[in-house]
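The values are calculated or read from the model by the stated rules, or taken from the named source; none is laboratory data. Bear in mind the structure is a predicted one, so any value in this text is a computation, not a measurement. Don't worry about glycine lacking a Cβ; one is built from the backbone with ideal geometry, like all the others, and counts go over all protein chains shown. Each accessible area value is taken on the protein alone, full model and side chains, heavy atoms only, with ligands, DNA and RNA left out. Shrake-Rupley method; radii C 1.70, N 1.55, O 1.52, S 1.80 Å.
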Amino acid sequence: MVGFGKRIKRKAPKGWESLMLDYSLLKSRLEMASEVESLDGSQHERTDSKVALALRNSFQHLLDSELEKVLAHYSLYSARLCSRVEGLKAETSVASQFLRQGLGPSELAELTKDVKTLAELWVEQAGKLRMLLQYLTLNLEGLRKILKKYKKSNAVGVSPMPGLVTLRLDHPSLPGGFVEQGSFLPLDMVEQINAMKDHDEL
């Protein structure tokens, strides 16, 4: 069975591979944090705890950075897509009004060509929407999987605390149904990530 790190790149929309959540790197960073925290050497306890904290923070910074990358691409692409769809709605509405009027044969032939072009543009936008939803689905699956590993690992995690915002992911496959941890991202970005998960506009 192919690991998710390879699968997320393979199933990514063409040309978007580098824009995907780097699951393999996140998993590797998490494994390092887990190994350090599972060490049981009493003489190195103080050093190990500092290293473990640094690795936990390093993992969280990497996760935050990866989420920023995914969010930036999603926000830009979805805004363009929604704008184009709004434009097509207006053009389709105009064409629809003309169809209701009594048109002569030449006008009807011209309008038929316009409607055919509009239909092709709608199909094109539907393809772009499919790509974006595929991108979103794969990245959210990656996020869910890495947070599930994080919750099950020896790494304690970055706890929600004053000065940090809480990043929460709900899913039936997660232990207890959710993962909640502190994030170094600003609050408005975490809210955008939650909006991205719901993708109401799309």
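Segment 51-76 and segment 80-146 have Cα centres separated by 35 Å. Charge dipole of segment 82-146 (Cα centre as origin; +1 on each Lys and Arg Cβ, -1 on each Asp and Glu Cβ, all else neutral): 400 debye, rounded to the nearest 20. Pairs of Cα atoms nearer than 8 Å and 6+ residues apart set the relative contact order; for segment 59-202 it is 28 percent. The figure for ARG80 is an accessible area of roughly 150 square angstrom, using a 1.4 Å probe on the protein chains alone.
Using a probe of 1.4 angstrom and keeping all protein chains present, the accessible surface of the chain works out to 59 square angstrom per residue. Each peptide in 101-113, 17-29, 83-95 receives the mean, over its residues, of other Cβ atoms within 10 Å, and ordering these scores from highest gives 17-29, 83-95, 101-113.
To put it simply, the accessible area of segment 92-202 at a 1.4 Å probe is 57 percent carbon and sulfur.
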